[in-house]
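Below: one structure, written as structure tokens.
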Amino acid sequence: MDSSNDEALDIIITNVVATFRTRCHLNLRTIALEGTNVIYKPEVGKVLMKLRKPMITASIWSSGKIICTGATSEDEAKLGARRLARCLQKLGFKVRFSAFKVVNVLAVCSMPFAVNLINFTKNNRPIASYEPELHPAATYRIKNLKATIQVFSTGSLTVTGPNVQNVATAVEQVYPLLFECQKPRCK
Amino acid sequence: MSSKVCKNCGSSDIDVDHARGDAVCMGCGSVLEDNIIVSEVEFVETGGGGSLAVGQFVSAEDGARHPSFGDGHFSGMGKASRAQTLQRAKQHISIVGNQLQMNQHHMDTALNFYKMALIKHLTRGRKASHVIAACIYMVCRTEGTPHMLLDLSDIVQVNVYVLGRTFLVLARELCINAPAIDPCLYIPRFAQMLEFGDKTREVSMTALRLVQRMKRDWMHTGRRPSGLCGAALLVAARLHDFRRTVKEIVNIVKVCESTLRKRLTEFEDTPTSQLTIEEFMKVDLDQECDPPCYTAGLKKKKVQQLEIEIKKKMDDVEGEIQEYQEEIDAELESSRPKLRGVYAAYAKGDLENDDENNILSMSSKLVDDEEPEDEDELRAVAKHFGKDLNELTLEALIKLEQKRPEDEEGNQEQEDDGDFPQRKAPSLAFLLGSMPSSATLGLSESISSCVTDEKENNGAADSGELDLSGINDSEIELYLLSDKEVKIKTALWMAENSTYLKEQKEKEAKIAKEKALGIYKERKPRGPNRKHAPIRANTADEAIEKMLEQKRISSKINYDVLKDLNVKPCASPARKAESPKKERPAAKLAGRNRRPAQTQLSLSTPLSTLGKRLQPFISGQPNKKLATEQIGSSNPLPLPVEAPASGVVVESGPVVYDDVPGDEEEDEEDETCVSALEMLGSNDYGCDGDYDDGF
């Protein structure tokens, strides 16, 4: 996913969150007792199961809804989810893999220049907001893409969005705005 | 106030006393009017001697609602509620504002912000104190007062980030663009708190210059402004021979010691720090610096690059060493006494093993490594032991049982072959074929998953079938414990969570007991709102019927009757004495909309046959209702209105004919109960007249 103008910006996806349902009731105690790498949280009512192969942590609820986090790509998330379902199948539950959906994608990207956050916020009110007392980054929310971009003064970006395509588009959209407010490099 | 002539004696000298509300004839002394409605302000004495004005509070903002009489108690409270909320907000704002030493103008602005938030329903779901603090902070930001969010959070005792979140939401919703915080704003405030005495102003100026310099050196983006101020003030104080310790400053500025130190070191890195005091006050360096985290980031990058380079070099060196090693080994081999027979084959096998791992250099290297003298001999031997050699190599690579049958197949192939290279070829293919399946290399998963990725059917997700492609079962089994392990884990887990389990048991026991006693209250979690099925109807009547059935607007309506209305207007059985207002529009609409279907009946039938439901309306202001109904009904049908008008007893009094039926009807409803017209119209006077007659 490279884009924007002439240079290629490396957008590195660090986290993909996906949910799916097993369409059957799961007995958390069984999973907790018979699985390796599981953490049972009875107060909350869920089991955390960690897979090694795609490095994935899954929160499993007894209703059969599962949230899968930690994957580095959408495909990996799906693979991990299927593995998890297979694992549950082996434990004896009548698991059916349905309603797989990637819910959130977190990516980081670095601009080759530093950004003047105050100018950036001034130019883009009210879409951008910057509160140095609270958080060192300026937050830029794109409504139609449902993506949020956090811009740091060093030029690094953190982008979150519902899927990888949106994330890439968001970076493309914001690049020209950042380019305008860049800090001139001196040293 | 109409009569200017006394009814008894005919004199026109009438004294109207507004205070007492009387109209008295001066001629004969008869009281003509009593209880005139007055508009004087009356006072009532309260316990303790104070006096209160009599009357209801009517909000100036809500405007044109009709004052309600009789059943007005609740709605009167409703209007005052908004005023009460604002009153409370004003109080809170003034309390907090006084602690912050804000002036009245700021507090009024804050109250205005609060009003705006109220109108936009932003106070719902948020603690009032949060919203008030956010409004005050907004005023501080827009006016540029040196108040930090931290101060507010101290006063209100709320987490600063929670306050910040509320503030951001408010600012976004109210479209208020608060200008960015300038650390220069805080300097005078902190300088005062540091007690510099007479020199406060000079120290502030120095600190201001320092902060501006910092801004130009890009030290201030992404940092708390208070931290910068603290550092600047520390330096400024030292410059003017004031000894202020880091701790004092930390107490006032509210940042951590380490933050302060870090800012100082960053400033040290800038070229400005090299100037002397006088130079600093006079000269402003043009050169700007990169922000410190940027330079730190660059440093990191450099270090990383260096590391990579070093690694590359090391790899190269290792590669060279490897080559030398191999050459040395080869030399050693050649100089070693040659093994004959069986052992030669095995020795060769090792060499081949290494080479075969390197698929690319396979054939060429094999040929090279072969000693030319013993080629033929080795070939023969190798061929003889081809099977074993293959097994050797394969066993080295493969650990899975499944491959054994393949081994045998491969071996059978090889026995047929004669040539040495040919023997190698199938083994190469064999190895290639077997390598992807070796779990240790870990390639199997990725390769097969790549291959099968395109084949993955999206329909699988919907059908619920689990697509097992790319999932290695045996690996999954690793994730599951064996029975023995399960037992151990169960024991451990039970021991760990004994308290929790006990609680659960107690809970269940309690529920069982309550059930037995019949007290048990099932607290079901609220499910999502059940969506009604969309109404499908052919005509508007049906639609309204169905809607009424579904919605059940009021408990006082007998819906069964409504249903019957459609069938037989004359034979409607039940009669509701007091039907609430809401029913009327619905019923009216229903009734009205049904009219067109039955207009023939209604227009010609006299009132009595219209059904008992409609009769109470008829007795009140029949002409109004009927007229509008029939007008409404006559809209679709161009029948003259006079026909119904003649059949109806027309009462004196204004009849409003309007072309907007729906709204009109609602207004009519209100007016029948409360209209001033009614009060001031002839009816009342009729009543009064009765009194008069009896007098």
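Annotations for the structure displayed:
- Only Lys, Arg (+1) and Asp, Glu (-1) charged, at Cβ; the range A:110-181 dipole about Cα centre in debye: 220
- From the largest down, the range B:81-179 spans 34, 25, 24 angstrom on the principal axes of its Cα atoms.
- Average beta-carbon neighbours from other chains, 10 Å sphere, peptide B:228-236: 0
- Inter-chain shielding of A:74-87 (mean C-beta neighbours from other protein chains, 10 Å cut-off): 4
- For chain A, the relative contact order is 22 percent, taking Cα pairs closer than 8 Å that sit 6 or more residues apart in sequence and dividing their mean separation by the residue count.
- Sequence-separation-based contact order of the range B:81-179, relative, with Cα cut under 8 Å and 6+ spacing, percent: 27
- Contact order, relative form, for the range A:15-102: 40 percent (alpha carbon pairs under 8 Å, 6 or more residues apart, mean separation divided by residue count).
- Sequence of B:W493, B:W218 once ranked by neighbouring C-beta atoms within 10 Å, starting from the fewest: B:W493, B:W218
- Peptide A:91-97 has a mean of 3 when you count, residue by residue, the C-beta atoms of other protein chains within 10 Å of its C-beta.
- Degrees between helix A:74-91 axis and first principal axis of chain A (Cα, 0 to 90, nearest 10): 20
- Computed FRET value (nearest 0.05) for B:I488 with A:I39, which takes r as the C-beta separation and R₀ as 22 Å: 0.80
- Likely footprinting exposure, B:M214, B:M107, B:M494, B:M193, fewest C-beta neighbours within 10 Å first: B:M494, B:M193, B:M107, B:M214
- Candidates A:F179, A:A18, A:V115 compared by Cα position along the dipole of chain A: farthest toward the positive end lies A:A18, with charges placed on Cβ.
- Each of B:H147, B:A117, B:L100 was placed along the dipole of the range B:94-179 (beta-carbon charges, centred on the mean Cα), and the one lying farthest toward the positive end is B:A117.
- Burial ordering of A:E133, B:E40, B:E202, fewest other beta-carbon atoms within 10 Å first: B:E40, B:E202, A:E133
- 0 to 90° range, to nearest 10: angle between helix A:164-180 axis and chain A longest Cα axis: 20
- Entry note, chain A: the mean residue ellipticity at 222 nm calculated from DSSP H runs of n ≥ 4, each adding -39500 (n - 2.57), is -8000 deg cm²/dmol after division by the residues and rounding to the nearest 500.
- You can think of it this way: the chain between B:V303 and B:K551 has 82.2 nm of extra reach, that is 0.36 nm per residue less the Cα-Cα gap.
Bear in mind these aren't lab numbers, they're just calculated from the coordinates by the rules spelled out. Just so it is clear, the structure is predicted and the values come from calculations on it, not from any experiment. Counting neighbours? That spans all protein chains shown, and the Cβs are built from the backbone with ideal geometry, glycine included.
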